Amino acid sequence: MKKLSVIVARMIAFLERFADRPWYFPLLSLISAADLFIIFVPNEGLLVSSVLLQPKKWVRAFLWVSFGSAVGSVALAFVAHYYGETLMHFISKDAISSPSWVRTQHFLDRHGSLSVALIALSPIPLQPAVVLSGLAKMPLLSVFFSVFSARALKFGILSWIATHAPHLLRKIGIVIPEFKEIEAEVAAHLAEKK
């Protein structure tokens with residue numbers, strides 16, 4: 001697990017070098033879409049680091065990441081819709097019968113696209129709900145709007161906090177050492193760009 005976190009940290013550091021490029025946010029969107037297929041993509045980490053590097057572009061950042069997540073969800077739901085249970089048995093024979101899968105399926109059956117939105121808003125992995133929505137033949141447009149709206153809310157709040165929290169905490173007298181380190185890294189990055 002430690003090796004994976006080192007790889008993720010290196011990936012974020014590599015991507016941060018390109019934060020000032022015009023194609024950076026569309027790239028984040030593509031990476032966010034890939035998260036539905038590659039489970040360990042750190043959307044939140046990429047988003048927060050991007051917002052800290054470009055605080056004035058926090059709205060653009062969370063909208064691009066939300067859009068990518070919604071597009072990835074539609075792609076996964078489409079695959080599940082057409083290749084369904086055959087694909088699930090190929091990936092994991094036990095997944096469909098696991099208790100968490102069954103609970104998610106019942107929740108999805110009861111609440112439809114609202115359940116997909118609630119799961120997209122929560123820290124629960126989105127992939128099982130999206131796969132189930134594809135298996136249930138939920139309209140792909142519903143999947144898109146459910147995920148986009150929930151992720152936009154979640155990532156918007158996260159981006160706003162990342163942009164404003166250090167200043168607000170300092171204002172009320174709370175100084176967190178990690179924020180000083182982050183501010184120093186951001187200042188160094190901005191100095192490099194000049």
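Numbers at a glance
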{"quantity": "Selected residue (criterion: modelled with the highest pLDDT) from residues of the stretch 67-107 that are within 20 Å of Ile31 (Cα to Cα) and surrounded by fewer than 17 Cβ atoms within 10 Å (Cβ to Cβ)", "calculated": "Phe78"}
{"quantity": "Residue satisfying all of: in the stretch 108-138; over 21 Å from the mean Cα position of the chain (by Cα) and buried (at least 17 other Cβ atoms within 10 Å of the Cβ); modelled with the highest pLDDT among these", "calculated": "Met138"}
{"quantity": "Qualifying residue in the stretch 64-72 (condition: in contact with a Leu (Cβ under 8 Å, 6 or more places away or on another chain), among the hydrophobic types (A, V, I, L, M, F, W, C) and in a helix (DSSP H, G or I))", "calculated": "yes"}
{"quantity": "Among (1) within 30 Å of Ala61 (Cβ to Cβ); (2) buried (at least 17 other Cβ atoms within 10 Å of the Cβ); (3) modelled with pLDDT under 80 - the single one Gly173 does not satisfy", "calculated": "(2)"}
{"quantity": "Residue match in the stretch 19-36 (condition: at pLDDT 85 or above, among the charged types (D, E, K, R) and part of a helix (DSSP H, G or I))", "calculated": "no"}
{"quantity": "Candidate set: the stretch 37-57, residues that are part of a helix (DSSP H, G or I) and hydrophobic (A, V, I, L, M, F, W, C); chosen: the one nearest to Val147 (Cα to Cα)", "calculated": "Leu47"}
{"quantity": "Residue satisfying all of: in the stretch 139-153; under 15 Å from the mean Cα position of the chain (by Cα) and among the small types (Gly, Ala, Ser); surrounded by the most Cβ atoms within 10 Å (Cβ to Cβ) among these", "calculated": "Ser146"}
{"quantity": "Residue list for the stretch 97-145, restricted to those being without any contact (Cβ under 8 Å) to a residue 60 or more places away in the chain, farther than 21 Å from Leu158 by Cα and not in a helix (DSSP H, G or I)", "calculated": "Ser97, Ser98, Gly112, Ala136, Lys137, Pro139"}
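The values are calculated or read from the model by the stated rules, or taken from the named source; none is laboratory data. Because the structure is a prediction, the values reported are computed rather than measured. Because the Cβ atoms are built from the backbone with ideal geometry, glycine has one as well, and the counts that use them run over all protein chains shown.
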